[in-house]
Amino acid sequence: MLRKIITVFCFLITSFGLAQVGGETTYQFLNLVSSPRQAALGGKVFTNVDYDVTQALFNPATINVEMDNQLALNYTSYLGGISYGTASYAYTLDRRTQTFHGGITYINYGSFDGYDENGVSTGTFTGAETALSLGYALQIGYSDFYFGGNLKLITSKLEQYNSFGAAVDLGLLYIDEDLDFHAALVVRNLGSQITTYAGLNEPLPFEIGVGLSQTLEHVPIRWHITFENLQEWPIGRPNPSRVTSDLSGNQTSEDISFFGQLIRHTILGAELFPEGGFNIRLGYNFRRGEELRIIDQRNFSGLSAGFSIKLNKMRFSYTHAKYTSAANSNFFGLQIDLQ
């Protein structure tokens, strides 16, 4: 069984290895941070296997019985007046069939002033997108491997244009309980538009990611390393604003080394007291930091920090993520135990 699942993963990776990122696909909101916890740990984590019901939106293999009857609501006041949020819920029918997971991700782009080609006002218009997901995970035999999948239905309305699509997420998770070590391989947003905006079929933001995490033996800290967008190499592009000139006027474009490309795929995170009623989280997204940094100015782009606190059957989470000197985001989350 395990061999068959790994074979399927290899086939998917080979088939979609040319997928693109950043502005070259539709439904980009599918890759937005799903919760304050994700945001605090650098923006993307695949290996948390605990009460966090929102984690399954990024890796369905993490669906487990601890999520039973947990409801999570998350909201983000994003850049440029954009707002988005997620909601997740899981329910365990019984120990044999394990746990089912449902989730929703939405984004509202706000209101815009419309004009025709002559500059005449056509009134205001809005834009919004939503994805509904249903997920399930199972243990592979009696091994330490778990496999899960999400089915997602996606709707998008941008001015008078509408689109509908479908996608799946597939996750493979390894858990070593003796070392408290987790490793995950995730294939996300594997799908297609069913109806297009204006007759042009656009690809979805397909992604392959790998995650590693472990709780230290004598220190209450869980470290996380995530490698994102492994389907594309190189991922870095020279920044036109970083062109340098010598005394003769010769211009040299930014040169991104092999290490620079590698580091752009890497996200680091750490969580202090990960199983406690109060915990502190810190993360760094190298790609965000490199793409948004300003030469000769320290603006801490890519850095994020947050905390969560549990009060009876509710857990409140907050994260502040640094993007640029002029733009930051705040993430708010509330998880409720309905048992």
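The table below lists the values:
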quantity: Relative intensity, log₁₀ I(q)/I(0), of the stretch 2-337 from a Debye sum that treats every alpha carbon as a point, q = 0.13 Å⁻¹; calculated: -1.05
quantity: Degrees between helix 2-15 axis and first principal axis of the chain (Cα, 0 to 90, nearest 10); calculated: 10
quantity: Listed residues LEU262, LEU57, LEU170, most fluctuating in the chain (Gaussian network, C-alpha, under 10 Å); calculated: LEU262
quantity: Which of SER163, SER304, SER143 has the fewest Cβ neighbours within 10 Å, and the rest in rising order; calculated: SER143, SER163, SER304
quantity: Per-residue ³J(HN,Hα) for the stretch 324-335, Karplus 6.51 cos²θ - 1.76 cosθ + 1.60, θ = phi - 60°, Hz, x for Gly and Pro; calculated: 9, 5, 9, 9, 9, 10, 10, 10, 10, x, 9, 10
quantity: Dipole axis of the chain (+1 Lys, Arg; -1 Asp, Glu on Cβ), positive-most option in GLY269, LEU230, TYR318; calculated: TYR318
quantity: Order of MET314, MET67 under a 10 Å beta carbon neighbour criterion, fewest first; calculated: MET314, MET67
quantity: Dipole magnitude of the stretch 2-337 about its Cα centre (Cβ charges: Lys, Arg +1; Asp, Glu -1), debye to nearest 20; calculated: 300
quantity: Centroid-to-centroid separation of the stretch 37-76 and the stretch 137-177 [C-alpha atoms, Å]; calculated: 13
quantity: Residue exposure sequence - HIS224, HIS218, HIS265 - by fewest surrounding Cβ within 10 Å; calculated: HIS218, HIS265, HIS224
quantity: Debye intensity ratio I(q)/I(0), log10, the stretch 110-213, q values 0.14, 0.15 Å⁻¹ (C-alpha model); calculated: -0.71, -0.76
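Read-outs throughout are calculated quantities, based only on the coordinates presented, and are distinct from any laboratory measurement. Since this is a predicted model, take the numbers as computed values, not measurements. Reconstructed Cβ throughout: ideal geometry from the backbone, glycine too, with neighbour counts over all protein chains shown.
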